[in-house]
Amino acid sequence: MAGRAARRCCLGWDFSTQQVKVVAVDAELSVFYEDSVHFDRDLVEFGTQGGVHVHKDGLTVTSPVLMWVQALDIILEKMKALGFDFSQVLALSGAGQQHGSVYWKTGAGQVLTSLSPDLPLCEQLQACFSIGDCPVWMDSSTAAQCRQLEAAVGGAQALSRLTGSRAYERFTGNQIAKIYQQNPEAYSHTERISLVSSFAASLFLGSYSPVDYSDGSGMNLLQIQDKVWSQACLGACAPHLEEKLGRPVPSCSVVGAISSYFVQRYGFPPGCKVVAFTGDNPASLAGMRLEEGDIAVSLGTSDTLFLWLQEPTPALEGHIFCNPVDPQHYMALLCFKNGSLMREKIRDESASGSWSEFSKALQSTEMGNGGNLGFYFDVMEITPEITGRHRFSAENHEVSAFPRDVEIRALIEGQFMAKKIHAEALGYRVMPKTKILATGGASHNRDILQVYEALLRRYAMLEQRILSQTQGPPE
Ligand SMILES: Nc1ncnc2c1ncn2[C@@H]1O[C@H](COP(=O)(O)OP(=O)(O)O)[C@@H](O)[C@H]1O
Ligand SMILES: O=C(CO)[C@@H](O)[C@H](O)COP(=O)(O)O
C-alpha cells in the first residue's frame with residue numbers, strides 16, 4: 001500500500017454482531033481496501049460465541065463494549081502498519097448492529113475529548129462505561145418491560161402507530177427500562193446512552209454523536225412521523241432519559257469533524273467529516289440503492305427483509321423505521337433471529353462443518369424437497385415467537401429427523417417460506433418488475449441464492465396462473 005499514488009477516499013465502518021469491518025471507497029466508488037476483526041477468532045480473551053455472551057437464563061444476550069473498542073484499535077493499527085494513507089480520507093461514516101446500547105459513565109464525555117494520541121482507545125476508555133456488557137439485538141429478556149411500555153401508551157397498536165413497532169424485547173427503550181429497574185445505581189451513573197451506531201461515531205468524533213432517525217426508530221422511543229422522542233415512552237422507561245439520549249438527527253447529517261486523536265495518531269486530515277452512523281439494515285438500504293418496489297434480503301447473523309415505503313403502515317408484526325436516505329419516507333423491516341447461526345449449526349451437524357458440502361446437498365436435492373418441510377428455531381424467534389425444530393414428512397406427519405441432504409434443503413426452503421409468508425401477511429408483493437437484492441455473509445453462497453431464486457420463480461408463475469384464471473389474460 002505504501003508508495004501508491006494518493007487516492008482520496010471515504011471510509012465505511014460496520015460494527016455488526018460478529019465483527020468490525022472497514023472499507024475504503026475512492027471517488028469512482030471502487031472499494032480498494034477492506035478488512036475486518038472477527039470477535040470470536042481475533043479477540044478470544046472476551047470469550048464470545050458469535051460475537052455475544054448468552055447468559056444462563058437463555059434470554060439475556062450481551063456483548064462487551066471494550067471488545068468493540070479494541071477491534072477498532074486493531075483495524076486502525078493494521079491499516080497504519082500497511083501504510084494506509086489516512087491523510088486522503090475526506091469523510092467517514094458507518095453502521096452498527098441495531099438496537100444494542102452503550103452506557104457512558106459520568107465523566108466519559110470529558111475523557112473522549114481529551115484522549116492522548118500515544119495510547120490505544122481501549123486503554124483510555126477502560127473506566128468509561130457504567131455497564132460493561134451491553135444488551136444487543138439478540139436479547140429477549142425484557143418481556144415485562146415491553147408489557148409495561150405498551151400499557152403506558154394505550155396498547156400495542158397505539159405504540160406501533162407512534163414508534164413504528166409494538167414493544168419488542170430487543171428494542172432499546174425496553175432494555176434501558178430493564179437496566180433502570182435492575183441496576184438503578186449504574187443507570188444513575190450514566191451520563192449518555194448511545195446505540196451501537198452512535199457509539200461508534202462518538203469514538204471518531206471525540207464527543208457524543210447523536211442518534212440518527214433511522215436507527216433511533218428501533219428503540220420504541222422515537223415518534224417516527226414527528227422525529228422527536230415520545231415523552232410518554234421516555235417516561236414509561238426511565239427518568240431523565242431525554243438528556244441521556246440527546247436530540248436525534250437525520251441519518252445523513254454531518255455530525256462534526258474527526259477528533260484530534262485520529263489526526264495525531266493516524267494522520268487523518270483535521271477536516272475529515274464524520275457523517276452520522278446508522279443501523280446496519282438502514283445502511284444496507286442506502287448502500288444497495290434500493291428503490292421503491294425493490295426488496296432486500298440481508299443474510300447476516302440475522303436474516304432480515306426490508307423495503308422502501310412512502311407512507312408508514314405500522315402493524316403488530318414487523319417494524320417501520322424512518323428512511324435513512326429520505327427523511328420524509330420510511331422503510332419496513334422484518335427480522336428473523338435464526339439466520340446464519342442456525343445455518344451454521346445444520347452445516348456442522350449435516351455437512352461436516354463445510355459450506356461446500358452444504359452446497360452439494362442443495363445441488364443434489366430437488367426444489368420442493370420431495371414434500372418434506374422443516375422449520376428450525378434453536379433460539380426464540382422474533383417473527384413469529386416460536387422455538388424448536390419442526391419437521392413434516394410428505395404425508396404431513398411430524399417427524400424427528402431427516403436424512404442429511406433433506407435436512408439442509410428443508411432448512412433453506414423453510415427459511416425462504418417464513419420470509420415469504422410473513423412479508424405477504426404485511427402486504428408486500430413480488431411483482432414482475434420487483435428486484436430482490438441479497439446482502440450479508442450468506443449471500444456469498446450461490447446455492448442458497450439459487451434456491452431462493454428458483455422458489456421465487458415458481459411462486460411468481462403460480463400466482464400469474466391463478467391471476468389469469470381468476471381475472472382473464474393480462475392487458
Ligand atoms: N459460504 C457461505 N455460505 C453460507 N453462509 C456463509 C458463508 N460465508 C459466510 N456465511 C455466513 O455469514 C455470517 C456472517 O455474515 P455477516 O453479514 O458478515 O455478519 P454480521 O454482519 O452480522 O457480523 C456467518 O455467521 C456465516 O454463517
Ligand atoms: O435486530 C435486527 C434488525 O431489527 C438485526 O438485523 C440487527 O441489526 C443485527 O444485524 P446483523 O449483525 O445480523 O447484520
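A few points about this structure:
- Filtered by the rule that a residue be more than 16 Å from ligand 2 (Cβ to nearest atom), surrounded by 21 or more Cβ atoms within 10 Å (Cβ to Cβ) and outside any loop (DSSP other than H, G, I, E, B), region 126-143 gives a lone residue, PHE129.
- Criterion: over 30 Å from ARG429 (Cβ atoms), open to solvent by 40 Å² or more (accessible area, probe 1.4 Å) and in contact with a Leu (Cβ under 9 Å, 6 or more places away or on another chain) - qualifying residue of GLY271, GLY206: GLY271
- Complete set of residues in region 253-264 that are of a type outside the set (A, V, I, L, M, F, W, C) and open to solvent by 40 Å² or more (accessible area, probe 1.4 Å): SER260, GLN264
- Top-ranked residue of region 292-315 - restricted to ones that are without any contact (Cβ under 8 Å) to a residue 40 or more places away in the chain and open to solvent by 20 Å² or more (accessible area, probe 1.4 Å), ranked as farthest from PRO327 (Cα to Cα): GLU292
- Qualifying positions in region 423-434 - closer than 17 Å to GLU463 by Cα and either in a loop (DSSP other than H, G, I, E, B) or not charged (D, E, K, R) (or both): ALA423, ALA425, GLY427, TYR428, ARG429, VAL430, MET431, PRO432, LYS433, THR434
- Within region 11-32, tally of residues that are open to solvent by less than 20 Å² (accessible area, probe 1.4 Å) and assigned to a strand (DSSP E or B): 7
- Selection status of THR106, open to solvent by 30 Å² or more (accessible area, probe 1.4 Å), touching a residue at least 40 places away in the same chain (Cβ under 8 Å) and under 24 Å from GLY246 (Cβ atoms): yes
- All positions within region 248-261 that are under 21 Å from the mean Cα position of the chain (by Cα) and outside any loop (DSSP other than H, G, I, E, B): VAL249
- Filter result for the condition that a residue is under 27 Å from the mean Cα position of the chain (by Cα) and buried (at least 20 other Cβ atoms within 10 Å of the Cβ), over GLY353, GLY388, GLY414, GLY441: GLY414
- Of the strands (runs of 3 or more DSSP E) contained entirely in region 262-342, those carrying at least 3 residues that are within 11 Å of ligand 2 (Cβ to nearest atom) fall at 303-309, 330-336.
- Breaking point among (1) in contact (Cβ under 8 Å) with a residue 12 or more places away in the chain; (2) assigned to a helix (DSSP H, G or I); (3) open to solvent by 10 Å² or more (accessible area, probe 1.4 Å), for CYS146: (3)
- One residue alone among PHE268, PHE375, PHE306, PHE358 is within 13 Å of ligand 1 (Cβ to nearest atom) and either under 17 Å from the mean Cα position of the chain (by Cα) or not aliphatic (A, V, I, L, M) (or both), and that residue is PHE358.
The values are calculated or read from the model by the stated rules, or taken from the named source; none is laboratory data. Here the structure is a predicted model, which is why all the values come from computation and not from measurement. Cβ: placed from backbone, ideal geometry, glycine included. Neighbour counts: every protein chain shown. Side chains are part of the model used for accessible areas, which takes the heavy atoms of the whole protein and leaves out ligands, DNA and RNA. Shrake-Rupley method; radii C 1.70, N 1.55, O 1.52, S 1.80 Å.
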